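Heads up: the structure comes next, in structure tokens.
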Amino acid sequence: MIQSPEVQRAKSKAAVFSITSNSILIVLKLIVGIMMQSVSVISEAVHSGIDLVAAIIAWFSVRESGKPADDEHRFGHGKIENVAGTIEAVLIFGAAFYIIWEAIHKLRSGTIAVESLGLGALVMLVSAVANYFVSRYLLNVAIKTDSVALEADAMHLRTDVYTSVGVLGGLVAIKFTGIAMLDPIIAIVVALMIIKAAWDLTKAAFFHILDVKLPDDEEGLIHEVMEKYSDRIIEYHKLRTRKSGHIRHIDMHLVVPKKMTVEDGHTLSHQITADIEQCLAHSHILVHIEPCPGECETCAVECPKVGEVYSEACQELGY
């Protein structure tokens with residue numbers, strides 16, 4: 001399944017926008033953090049640095065995932081977005097542990113001094129506002145294009161919004177209380193929030209590499225579609241679902257009356273496939289047709305629209 005040029009351009013544009021935004025914020029936070037000698041502000045610069053790496057990975061992954069299937073990748077390149085999301089999660093974990101290490105070192109050394117609180121507060125406010133709008137933009141594009149990599153990038157930046165607000169609150173508290181020790185403590189709290197975001201991202205990206213099934217609500221939509229065809233099929237089974245990047249892979253076995261023609265079975269499977277695709281975009285669906293396995297000699301195809309009237313023999317056999 002090949003992405004349309006419009007979808008690919010939208011994803012690439014969003015990824016480049018994230019790279020630009022993170023680059024500007026890194027420079028701003030790093031300069032102010034060094035001037036203030038504030039570990040919490042510097043920790044925010046480190047986090048933005050990791051987000052820049054993540055944004056570059058996201059840009060690369062959305063570019064590669066848009067390539068069509070080839071002889072070596074028969075199912076396409078969609079899973080590269082899941083790999084990218086997993087790498088981003090690992091980077092975020094690393095950044096969080098680094099921040100905790102720096103904060104504990106500063107607490108142990110006892111050399112805690114924070115200067116230029118007003119400037120630091122201004123940087124955190126600018127960072128929070130910028131990351132909020134960038135993350136909202138990325139998330140909107142991710143939802144429209146079903147991009148795991150962009151969703152991961154949006155989650156990073158949304159976490160930055162909360163952590164920037166936390167650091168801002170801490171700087172204000174230091175200003176009014178004069179307790180400089182709040183700085184490394186706030187840095188540790190920020191790191192714990194980053195770890196939580198990294199774990200959420202791991203669940204969203206890595207587990208799909210292991211081919212976990214689609215969420216219950218999405219499988220529920222498939223069951224609702226099949227329910228509409230209950231008077232035209234005997235039953236369906238062996239439903240399997242997974243996701244590769246933005247593409248959903250769905251396959252099932254469909255049991256039909258023994259005397260249904262190949263043409264009618266083919267038409268029926270296409271109708272079912274089309275209905276599922278309307279509910280779940282970017283779906284690749286495979287339907288395996290099976291004849292009724294019972295000794296149903298009286299089973300007849302009477303409905304002109306392939307709507308079968310099953311014999312009592314079929315019903316007794318449980319079909």
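The values are calculated or read from the model by the stated rules, or taken from the named source; none is laboratory data. Since the model is a prediction, treat every value here as computed from it, not as a measurement. Positions of Cβ are backbone-derived with ideal geometry, glycine not excepted, and every protein chain shown enters the neighbour counts. Accessible surface is based on the protein model in full, side chains and every heavy atom, while ligands, DNA and RNA are left aside. Shrake-Rupley method; radii C 1.70, N 1.55, O 1.52, S 1.80 Å.
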TODO: Would you please name the residue that is surrounded by the most Cβ atoms within 10 Å (Cβ to Cβ), looking only at residues in the range 211-250 that are within 18 Å of SER65 (Cα to Cα) and not polar (S, T, N, Q)?
DONE: GLY245
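Listed here are the residues, each with its yes/no results for (1) modelled with pLDDT under 80; (2) surrounded by 19 or more Cβ atoms within 10 Å (Cβ to Cβ); (3) of a type in the set (Val, Ile, Thr); (4) in contact with a Pro (Cβ under 9 Å, 6 or more places away or on another chain).
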{"position": "PHE17", "(1), (2), (3), (4)": "no, no, no, no"}
{"position": "ILE24", "(1), (2), (3), (4)": "no, no, yes, no"}
{"position": "GLY85", "(1), (2), (3), (4)": "no, yes, no, no"}
{"position": "LEU107", "(1), (2), (3), (4)": "yes, no, no, yes"}
{"position": "GLU115", "(1), (2), (3), (4)": "yes, no, no, no"}
Open item on the list: Among the residues that make up the range 32-51, is at least one of them in contact with a strand residue (DSSP E or B) (Cβ under 6 Å, 6 or more places away or on another chain) and either open to solvent by 10 Å² or more (accessible area, probe 1.4 Å) or assigned to a helix (DSSP H, G or I) (or both)?
Closed with: no
- [ ] Name every residue in the range 77-112 that is closer than 14 Å to ALA152 by Cβ, of a type in the set (Val, Ile, Thr) and in contact with a Ser or Thr (Cβ under 6 Å, 6 or more places away or on another chain), in order of residue number.
- [x] ILE80
Task: For ALA121: the one exception among (1) within 30 Å of ARG248 (Cα to Cα); (2) small (Gly, Ala, Ser); (3) at pLDDT below 80; (4) part of a helix (DSSP H, G or I) - done: (1)
Task: Residue count for the range 39-73, restricted to those that are acidic (Asp, Glu) and either at pLDDT below 80 or under 20 Å from GLY170 (Cβ atoms) (or both) - done: 3
- [ ] Looking only at the range 284-291, decide whether some residue is open to solvent by less than 50 Å² (accessible area, probe 1.4 Å), within 29 Å of the chain's Cα centre (by Cα) and modelled with pLDDT of 90 or more.
- [x] yes
Open item on the list: Go through the range 131-171 and report how many residues are over 24 Å from LYS243 (Cα atoms) and of a type in the set (S, T, N, Q).
Closed with: 4
Open item on the list: Can you pull out every residue in the range 42-75 that is touching a residue at least 60 places away in the same chain (Cβ under 8 Å), under 18 Å from the mean Cα position of the chain (by Cα) and more than 26 Å from VAL189 (Cβ to Cβ)?
Closed with: ILE57, ALA58, SER61, VAL62, SER65, GLY66
Open item on the list: When the residues of the range 251-261 are narrowed to those that are open to solvent by 20 Å² or more (accessible area, probe 1.4 Å) and not polar (S, T, N, Q), which ends up nearest to ILE289 (Cα to Cα)?
Closed with: HIS253
Task: Filtered residues of the range 145-200 (kept if outside any helix (DSSP H, G or I) and open to solvent by 50 Å² or more (accessible area, probe 1.4 Å)) - done: GLY178, ILE179, MET181
Open item on the list: Step by step: first the residues of the range 130-144, then only those that are at pLDDT 90 or above and open to solvent by less than 30 Å² (accessible area, probe 1.4 Å), then the one that is farthest from the chain's Cα centre (by Cα). Which residue is that?
Closed with: VAL134
